[in-house]
Amino acid sequence: MFKRAKASIAKLKQSMARQEEHLAAQTDALHRIAAHLGDPALGPGGHRAGVPDDFDPAMYLALNRDVAAAKVDATHHFLNVGENENRHYRPNYMQDGLITIHNTSFQDDPAFQDAYARGVKATGGQDYNWHWRVHVGLWAARCAVKLPGDFVECGVNKGFLSSSIMHDLKWNDLDRTFWLLDTFAGIDTTGVSSEKNDPGAEDRNRKHFESGLYTDDVSAVRENFAEWKNVQIVVGAVPGTLDKITSEQIAFASIDMNTAPPEIAAMEFLWSRLVPGAMVVLDDFNYRGYEAQHVAMTDFAKARNTSVLSLPTGQGLLVRPPND
Ligand SMILES: C[S@@+](CC[C@H](N)C(=O)[O-])C[C@H]1O[C@@H](n2cnc3c(N)ncnc32)[C@H](O)[C@@H]1O
């Protein structure tokens, strides 16, 4: 047994040595390429002719860590090696705090595009560039619609996400209620114990009203949702309004009130009503600047023997476990 372990370790060491040699040879080759290239004839914008207009050397190095590590010139490398190797020189997705070269083909799906466009319409044409966040919301809603129960959103604002979902699920064909709760007056600072839980709440309110992100025009919101039946718009501050939700079974919840105390109160109210497998999208869970929600929701889930999935979109996803 001991002999066999020793032999495996020796084999592992040999393989690691081979890999190191291989890496050294590759780095050496990259250096030689760089040395042979000499100074390129620079085109407009300081790029060598042939480089795509949107080529950014710093981005190329960020996306190709081996090239950065070899300390070769990004433009030289792309033109002479990287282009042939189909290397990424720009990300596929770069908005809303997320940059990635990964597959974003969900954006090409006509159903996604339609639903997203309906979300943009709800805001009066303002595109928040939330594509991946809406993709997550739609995915969760499509899973939830296979379960019994109603839908809830706490923090609706102009209705971007909920409108996308209702459009996508063809809400009028379903026999379910979508509960839409919001102060329609921004964050309820009277209900937030501001020094302790959310020191920035009042500032954020002011900023969001000034920029036109938040709305207090409830009639415009009602007009947006008028095309759908079985919609309940509940005006007022959570947690005070939660008992207006009369459904005993909830299959989907979107929690997006930008501050921890009402979000936790909403989760406490909804938890026993969430059906097994129900989807809860926590819009701010992983978003930079919303750490209080991250901590509070992490504790909330832990106390119920589960956890929140952190998403690179800034959201979190919580699935109601089947047996607890
Ligand atoms: C980021 S917005 C919601 C965006 C929305 N989910 C969408 O898809 O466009 C946050 C909303 O939470 C609301 N809000 C904040 N605190 C609240 C509370 N205690 N009760 C109800 N709504 C609240 C604000 O009025 C604001 O409209």
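Rule-based calculations on the coordinates, nothing more; no lab input. Everything quoted here is computed from the prediction, not taken from an experiment.
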Using only Cα atoms, locate the centre of region 52-95 and the centre of region 241-293, then give the distance between them in Å, rounded to an integer. 42
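Filter the cross-link list LYS158/LYS207; LYS207/LYS302; LYS121/LYS229 down to pairs whose alpha-carbon distance in this structure exceeds 23 Å. Before the final figure, lay out the partial values.
Working: LYS158/LYS207 16 Å; LYS207/LYS302 33 Å; LYS121/LYS229 18 Å.
Over 23 Å apart, Cα to Cα: LYS207/LYS302.
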Which residues qualify? For THR177, with a placed amide H closer than 5 Å and at least 5 residues away or on another chain, they are PHE151
Please report, in cubic angstrom per residue, the volume enclosed by the convex hull of the alpha-carbon atoms of region 105-319. 114
Amide hydrogen neighbours beyond the local backbone of LEU147, cut-off 5 Å, H modeled: none
Quick check: convex hull of the Cα atoms in region 130-179, volume per residue, rounded to a whole Å³? 75
